[in-house]
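Student: Quick one: the structure is below, and I'll ask about it shortly.
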Amino acid sequence: MNADPNIVFIGDIHRDWASVERGLAALPQLPDAAVLMGDIECTAPLDVLAAPLLSRGVEVFWISGNHDNDGGPEMWSNLADPARNPRTAGGALHGRVVEIGGLRVAGLNGIFRPRVWHPDRAPGLHRRDELPENLAKLGDSLRPEHVAALTHSLSTIAIWPEDVDALAALRADVLVVHDAPCSHPDGHAVLTGLAEAMGARLVVHGHHHVSYRAVHRSGLHAMGVAAAWGMSLAGAPLWRGEPPRILGRLRPDWTGLAAY
């Protein structure tokens, strides 16, 4: 993997901006761009929280994770509302391909949620516009406010077939996802297949709080980024955040290159 683009991939921050600040301050050279891997948990607008990056001239790109609306629509708006985030709104990677340092980078928000799509089965739903009818089947078991909360949650943090299908028609060098491809023992072949369909050379994920590198027998490279860690495009730790979790044994069609 060409290490020329000066990009840092930052794992699930979970409000731990102090680790990001310490990591940046210790670098001999600042990155040109940062990609946030989701689970940021914005208690204030991302433009405000990302000051350690933005104030140093580092361009910010991001995807969302499963905890990014734990605080409901307000937390989600702090991440995704362009009116609150004029500087970082354009860095949303979900569902598109953006050129970063000459590299085509694509993004996919969220994780698999069984009501929408269990990755080992056919999708239950394909499009978000199918969700109201599906939730109506719950009848009176949920109050209207609970249905609204579930609708918002599934619409924003679930992986949707319509998004995967749209991305599969595009081309990218790097695919950034929150949930893991099958390089991780608890990852999913759907995401590996998406990276391969896009012609990507590298897929990067967060969610599992583990830093490692691996290569598939097809030649696809994968990289996990632990919580609040900064990893280079080449797969080297630039700084450490939360102590990493145990990776476990890779599947037979993957070869481990490094674990940190």
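The values are calculated or read from the model by the stated rules, or taken from the named source; none is laboratory data. Predicted, not measured: the structure shown is a model, and the values here were computed from it. Ideal geometry is used to build each Cβ from the backbone, glycine not excepted, and the neighbour counts take in all protein chains shown.
Student: Answer yes or no as to whether HIS178 is of a type outside the set (Phe, Trp, Tyr), closer than 19 Å to GLY11 by Cα and modelled with pLDDT of 95 or more.
Tutor: Here the answer is yes, as HIS178 does meet what is asked.
Student: Further question on the same structure: Can you run down the residue pairs with Cβ atoms below 8 Å, 6 or more apart or on separate chains, where the first is in the stretch 72-98 and over 24 Å from VAL164 (Cβ atoms) and the partner is among the hydroxyl-bearing types (Ser, Thr, Tyr) and in a loop (DSSP other than H, G, I, E, B)?
Tutor: MET75/THR43; ASN78/THR43
Student: Which of the residues spanning the stretch 236-252 are in contact (Cβ under 8 Å) with a residue 60 or more places away in the chain and either in a strand (DSSP E or B) or more than 17 Å from VAL20 (Cα to Cα) (or both)?
Tutor: LEU238, TRP239, LEU247, GLY248, ARG249, LEU250, ARG251, listed by residue number.
Student: Kindly check whether there is at least one residue in the stretch 4-23 that is touching a Lys or Arg at 6+ places or on another chain (Cβ under 8 Å) and either more than 18 Å from HIS209 (Cα to Cα) or part of a loop (DSSP other than H, G, I, E, B) (or both).
Tutor: No: the stretch 4-23 contains no residue that is touching a Lys or Arg at 6+ places or on another chain (Cβ under 8 Å) and either more than 18 Å from HIS209 (Cα to Cα) or part of a loop (DSSP other than H, G, I, E, B) (or both).
Student: Shifting gears a bit: Output the number of residues of the stretch 26-44 satisfying the condition of being aliphatic (A, V, I, L, M) and buried (at least 20 other Cβ atoms within 10 Å of the Cβ).
Tutor: Qualifying residue count for the region: 6.
Student: Please verify whether ASP47 is part of a loop (DSSP other than H, G, I, E, B), surrounded by fewer than 20 Cβ atoms within 10 Å (Cβ to Cβ) and of a type outside the set (Phe, Trp, Tyr), treating the condition exactly as stated.
Tutor: No; evaluated as a whole, the condition is false for this residue.
Student: Here are some residues: ALA214, ALA226. Which one is in a loop (DSSP other than H, G, I, E, B), crowded, with 21+ Cβ neighbours inside 10 Å and at pLDDT 95 or above?
Tutor: Just one listed residue meets the conditions, ALA226.
Student: Additional query: Regarding LEU30, is this residue in contact with a Lys or Arg (Cβ under 6 Å, 6 or more places away or on another chain), free of Cβ contacts under 8 Å to residues at least 40 places away in the same chain and not hydroxyl-bearing (Ser, Thr, Tyr)?
Tutor: In short, yes.
Student: Also, I was wondering about something else. With the stretch 74-180 as the region, which helices (runs of 4 or more DSSP H) entirely inside it contain at least 3 residues that are under 30 Å from PRO5 (Cα atoms) and out of contact with any helix residue (DSSP H, G or I) (no Cβ under 7 Å at 6 or more places or on another chain)?
Tutor: Fully inside the stretch 74-180 and qualifying: 161-168.
Student: Which ones in the stretch 50-70 are touching a Ser or Thr at 6+ places or on another chain (Cβ under 8 Å), part of a loop (DSSP other than H, G, I, E, B) and modelled with pLDDT of 95 or more? Spell out how you get there, then give the answer.
Tutor: Just the residues of the stretch 50-70 that are touching a Ser or Thr at 6+ places or on another chain (Cβ under 8 Å), to begin with: 50, 54, 60, 62, 64, 68-69.
Those left that are additionally part of a loop (DSSP other than H, G, I, E, B): 50, 64, 68-69.
Passing the criteria: ALA50, SER64, ASP68.
Student: Continuing with this model, one more query. For the stretch 50-76, enumerate the residues that are buried (at least 17 other Cβ atoms within 10 Å of the Cβ) and among the small types (Gly, Ala, Ser).
Tutor: Residues satisfying the conditions are ALA50, SER64, GLY65.
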